[in-house]
Amino acid sequence: MKMNGFNDGWMARFGWLLAPVLAVVLAGCATREFTMETAQREAAQGDREAQYYLGRAYARGEGVPQDYAKAVGYLKESAGQGYAKAQNNLGVFYAQGLGVPQNYPEALKWFSQAAEQGDPLAKYSLALSYAQGRGVATNLTEAVKWYQRAAAQGQLEAELALGDIYLGGGGRPADYRAARKWFERAAAQKSASAENSLGYVYEHGGSGVAGDVAKAVKHYRLAAAAGYGKGQLNLGRMYLDGAGVEKDLIEAYKWFYLASRNGGRLGRHYMDELAGTVTYGDFKGTPLTAEQIREAMRRAKEFQDNLAKHQTQSH
């Protein structure tokens, strides 16, 4: 059951059409500030930003009951007047089938209109449509073009997507140097996923990037310290193997436990290996004692407490 590094990967990151986009676009806001009262008044007078504001409010259930059908109605009004944010959001609703029947070609139409206006989220949405063949024939070359245009504007998901593609996603030849470039840009935006992927790049090396397990540990540690489960799992593996760091089974158990708390079933399996309750897997040494496991759990709790404190302070 040897796992040679675990990054998010092409299908893991993009297994559902536009699921990441929906979360992002609903976090957006209109250019101008509105209240529900002023938005309703100005939307009735044809103001496209007010219409977009109301569409977002109904989509998120902010100040009004959540109602996707009403959200779509306002987004259509705004998008019909050429407001790029509304066009991209409307495309997402058609792609997801929220408030309207699912319709990928209609989604593609709105993504295209917003992307041509320079909207970075729409460029990402359009790229993802081409990558997955939703509403159009699959075309990875076209997808890369639009990912690059979105990434040039600092769109984080596009940077991550390009990194995955250059790792060999979608059947393209791997180019680790290009992958590293895009993951570094995403990491500069505080992406723990990008840090984990950089760890993967350095752990394995190839096509222009020399393997460097010490650098791999550095990036896995940054991802793990942010509470990112896959980074925690990978950091645990490095401690388990003594790769780029002094071998420390207690520290490995700690990180596997934390990864398991983040939904990582593989972390649970590694814990069982170290505890000696399973007889297959990577670990072949002497199982940890009960005292060693308690120490690992103490370290894990200390980490969780410090992370929670940091997150509270940052908000």
* List every residue pair whose Cβ atoms sit under 9 Å apart, with the two residues 6 or more apart in sequence or on different chains, where the first one lies in region 41-59 and is at positive phi and the second, anywhere, is not hydrophobic (A, V, I, L, M, F, W, C). => 46/77; 46/81
* Structure fact -> The one condition residue 234 fails out of (1) assigned by TED's automatic domain parsing to the domain that holds residue 306; (2) surrounded by fewer than 18 Cβ atoms within 10 Å (Cβ to Cβ) is (2)
* Please state which one of 131, 161, 122, 114 is outside the structural domain of residue 72 (by TED's automatic domain parsing) and hydrophobic (A, V, I, L, M, F, W, C). => 161
* Hey, can you tell me all the residues within region 118-143 that are closer than 21 Å to residue 86 by Cβ and in contact with a helix residue (DSSP H, G or I) (Cβ under 6 Å, 6 or more places away or on another chain)? => 119, 120, 121, 122, 123, 124, 125, 126, 127, 129, 134, 135
* Mind checking which residues of region 262-274 are surrounded by fewer than 24 Cβ atoms within 10 Å (Cβ to Cβ), of a type outside the set (Gly, Ala, Ser) and either in contact (Cβ under 8 Å) with a residue 24 or more places away in the chain or not assigned by TED's automatic domain parsing to the domain that holds residue 236 (or both)? -> 262, 266, 269
* To do: Can you give me the number of residues within region 275-315 that are touching a residue at least 60 places away in the same chain (Cβ under 8 Å) and acidic (Asp, Glu)?
  => 1
* Asked: under 30 Å from residue 271 (Cβ atoms) and part of a helix (DSSP H, G or I), is that true of residue 162?
  -> no
* Please give the number of the condition residue 200 fails out of (1) modelled with pLDDT of 95 or more; (2) of a type in the set (Ser, Thr, Tyr); (3) surrounded by fewer than 19 Cβ atoms within 10 Å (Cβ to Cβ). => (3)
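Would you please name the residue that is surrounded by the fewest Cβ atoms within 10 Å (Cβ to Cβ), looking only at residues in region 153-176 that are out of contact with any Lys or Arg (no Cβ under 9 Å at 6 or more places or on another chain) and among the aliphatic types (A, V, I, L, M)? Even if it seems obvious, please write down each step before you answer.
As a first pass, look at region 153-176 and keep what is out of contact with any Lys or Arg (no Cβ under 9 Å at 6 or more places or on another chain): 167-168, 170-176.
Next, only the ones that are among the aliphatic types (A, V, I, L, M) stay: 167, 174.
Numbers: 167: 26, 174: 17.
Only one residue tops the list, namely 174.
Where in region 30-107 are there helices (runs of 4 or more DSSP H), lying fully within it, with 3 or more residues that are within 18 Å of residue 135 (Cα to Cα) and not basic (Lys, Arg)?
The qualifying helices (runs of 4 or more DSSP H) are 84-96.
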* To do: Would you mind telling me which numbered condition in (1) free of Cβ contacts under 8 Å to residues at least 60 places away in the same chain; (2) farther than 30 Å from residue 51 by Cα; (3) under 19 Å from the mean Cα position of the chain (by Cα) residue 172 fails?
  => (3)
* Structure fact -> Counting only residues that are in a helix (DSSP H, G or I) and within 15 Å of the chain's Cα centre (by Cα), region 145-159 contains a total of 6
* Structure fact -> Log entry, pairs with first residue in region 106-126 being on the phi > 0 side of the Ramachandran plot, second being part of a helix (DSSP H, G or I), beta carbons closer than 9 Å, six or more apart or on different chains, reads 118/84; 118/149
* Structure fact -> Of the candidates 189, 113, the one satisfying the condition of being surrounded by fewer than 23 Cβ atoms within 10 Å (Cβ to Cβ), at pLDDT 95 or above and closer than 30 Å to residue 221 by Cβ is 189
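The values are calculated or read from the model by the stated rules, or taken from the named source; none is laboratory data. Note that the structure is predicted; figures quoted are calculated from it, not measured. Counting neighbours? That spans all protein chains shown, and the Cβs are built from the backbone with ideal geometry, glycine included.
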